[in-house]
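Trainee: Sharing a structure below in C-alpha cells format, with a few things to ask.
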Amino acid sequence: MAAYEFVDPCLSKLDGFQVEIDPAHERADIILNRPPYNIVSMPQRDQFRLVFETLDQDERVRIIVVRAIGEHFSSGGNIGGFMEATPETVSKLAWNIASPARCAKPVIVANRGYCFGVGFELSLACDFRIASDTAQYALPEQKLGQIPGSGGSARLQKMIGITRTKDIVMRSKRIPARQALEWGIVTECVADKDLETATDKLVDELRTFAPLAQRTAKKLLNDTEDSTLAIAIELEGHCYSRLRQSEDFKEGVEAFNAKRPPKFIGR
C-alpha cells in the first residue's frame, strides 16, 4: 500500500492517523496511529469526515477499511479537548463520526483491544465490524458525568434494543467481543492473529459484487431503518427498478446463464 495523496490542504497533515491506498485491490485504509491507545483528538474528527468524503469520490476505491496500529483500536477521545472546544464544535461530533454511514461505499472496521467511547461510536457507524477476540466495547461517558455524544447510544439502541443499551450506557459496562457478536453488535469475531486475514477476505468478497448494486443496497438499508414496512417496500421496489436498467444487472444475468464469473463495471 502507498500513502494517499490529498489535494485538500486541511488534510496535508493528518492528526493521529494515516491513509493508505491499494489501487490493485480497490481499497483504502484509514489507520489510527497514536499508540498505545489511539486517543482521538478533536481536530481528528473533522479530518475523518473530510477523508471519507474524499475517498467516496475516488474511483480507484471500492472498499474502505478502518483499522489501528497496536493492540488497541481506540480508548476514546481526548478528554481535555472537550473542555476546550466550543459548543458549536461539540455539536458537530455526531455528524463527523457518522461519516462512514453517509459514505456510499462499504466500510469495514477491524477492532482489537479497547474500543471505547468515540472508538466504539466510529465502529458503529461502519457497515461491517470484525472483532478480534481481544476486543472490548464500552461507552464510559457516565463515569465523566456525560452521555455518548457521537451517536453511540442511538445506534446501539437500533441494533440491540433499549434494555441492552441501557445496560451498556447507564452502567458504562464493557462488552467482550464474543458477547458483542451474540448481541449483534459485531459482524464476525475471530482469533486475534486472524484479524487482518479476515478483513482482507471480506474486502475481496465485497469486491466481487456489482458496485452500483452494493451502494444502492447500503443507502436503501440506511434510509429505511426508521421507516414503516410499507414505505421500505416501496423504496426497495424503486431501487430494484432502477438497477434493472443497469449494465451490471445485464452482465450479471448473462454471466449466470453462461455459468461464468460476472465482470461488473459499476454502471
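The values are calculated or read from the model by the stated rules, or taken from the named source; none is laboratory data. Just so it is clear, the structure is predicted and the values come from calculations on it, not from any experiment. Please note: Cβ atoms are built from the backbone with ideal geometry, for glycine as well, and neighbour counts cover all protein chains shown.
Trainee: Only one of R267, R215 is in contact (Cβ under 8 Å) with a residue 40 or more places away in the chain, exposed (fewer than 11 other Cβ atoms within 10 Å of the Cβ), within 30 Å of M1 (Cβ to Cβ) and not assigned by TED's automatic domain parsing to the domain that holds S99; which?
Mentor: Values: R215 fails: exposed (fewer than 11 other Cβ atoms within 10 Å of the Cβ).
Residue meeting the stated conditions: R267.
Trainee: In addition: Mind telling me which of the residues D58, D46, D8, D15 ends up being among the acidic types (D, E) and within 30 Å of F209 (Cα to Cα)? Explain how you work it out, then say what you get.
Mentor: Values: D46 fails: within 30 Å of F209 (Cα to Cα); D8 fails: within 30 Å of F209 (Cα to Cα); D15 fails: within 30 Å of F209 (Cα to Cα).
Checking each option against the conditions leaves just D58.
Trainee: Right, next: Does T187 meet the test of being closer than 19 Å to A94 by Cβ and touching a helix residue (DSSP H, G or I) at 6+ places or on another chain (Cβ under 9 Å)? Write out each step before concluding.
Mentor: Working: closer than 19 Å to A94 by Cβ: no; touching a helix residue (DSSP H, G or I) at 6+ places or on another chain (Cβ under 9 Å): yes.
Against the criterion (closer than 19 Å to A94 by Cβ and touching a helix residue (DSSP H, G or I) at 6+ places or on another chain (Cβ under 9 Å)), T187 does not qualify.
For every residue, the table says whether it meets (1) over 19 Å from I64 (Cα atoms); (2) not small (G, A, S).
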| residue | (1), (2) |
| --- | --- |
| A191 | yes, no |
| K201 | no, yes |
| L206 | no, yes |
| E225 | yes, yes |
| L229 | yes, yes |
| L235 | yes, yes |
| S246 | yes, no |
| E251 | yes, yes |
| F256 | yes, yes |
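Matching residues to (1) closer than 14 Å to L122 by Cα; (2) of a type outside the set (G, A, S); (3) touching an Asp or Glu at 6+ places or on another chain (Cβ under 6 Å):
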{"site": "V40", "(1), (2), (3)": "yes, yes, no"}
{"site": "R45", "(1), (2), (3)": "yes, yes, no"}
{"site": "E53", "(1), (2), (3)": "no, yes, no"}
{"site": "E59", "(1), (2), (3)": "no, yes, no"}
{"site": "I63", "(1), (2), (3)": "no, yes, no"}
{"site": "G76", "(1), (2), (3)": "yes, no, no"}
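Trainee: Provide a single number: the residues in the range 2-23 that are surrounded by 14 or more Cβ atoms within 10 Å (Cβ to Cβ), farther than 19 Å from C103 by Cβ and either in contact (Cβ under 8 Å) with a residue 60 or more places away in the chain or out of contact with any Pro (no Cβ under 7 Å at 6 or more places or on another chain) (or both).
Mentor: Residues that pass the stated criteria total 1.
Trainee: Here's a follow-up. Which numbered condition trips up F73, out of (1) surrounded by fewer than 22 Cβ atoms within 10 Å (Cβ to Cβ); (2) in contact (Cβ under 8 Å) with a residue 60 or more places away in the chain; (3) of a type outside the set (V, I, T)?
Mentor: Single failed check for F73: (1).
Trainee: Only one of (1) out of contact with any Phe, Trp or Tyr (no Cβ under 6 Å at 6 or more places or on another chain); (2) more than 20 Å from G77 (Cα to Cα) fails for I21. Which number is that?
Mentor: All conditions pass for I21, except number (1).
Trainee: Moving to a separate point now. Filter the range 24-59 down to residues that are among the hydrophobic types (A, V, I, L, M, F, W, C) and over 23 Å from G77 (Cα atoms) and give me whichever is surrounded by the fewest Cβ atoms within 10 Å (Cβ to Cβ).
Mentor: Step by step, filter the range 24-59, then rank; the result is A24.
Trainee: Being assigned to a helix (DSSP H, G or I) and either assigned by TED's automatic domain parsing to the domain that holds E53 or surrounded by 15 or more Cβ atoms within 10 Å (Cβ to Cβ) (or both) is the requirement here; does G149 meet it?
Mentor: For G149, the condition - assigned to a helix (DSSP H, G or I) and either assigned by TED's automatic domain parsing to the domain that holds E53 or surrounded by 15 or more Cβ atoms within 10 Å (Cβ to Cβ) (or both) - is not met.
Trainee: Starting from residues that are assigned to a helix (DSSP H, G or I) and not aliphatic (A, V, I, L, M), keep the ones in the range 131-146 and report whichever is surrounded by the most Cβ atoms within 10 Å (Cβ to Cβ).
Mentor: Of the residues in the range 131-146, the ones assigned to a helix (DSSP H, G or I) are 140-144.
Filter again for not aliphatic (A, V, I, L, M), leaving 140-143.
Numbers: P140: 19, E141: 22, Q142: 14, K143: 10.
Ranking the candidates gives E141 first.
Trainee: OK, next. If I filter the range 76-90 for residues that are surrounded by 19 or more Cβ atoms within 10 Å (Cβ to Cβ) and modelled with pLDDT of 95 or more, do I get at least one hit?
Mentor: So far as the range 76-90 goes, yes, one or more of its residues are surrounded by 19 or more Cβ atoms within 10 Å (Cβ to Cβ) and modelled with pLDDT of 95 or more.
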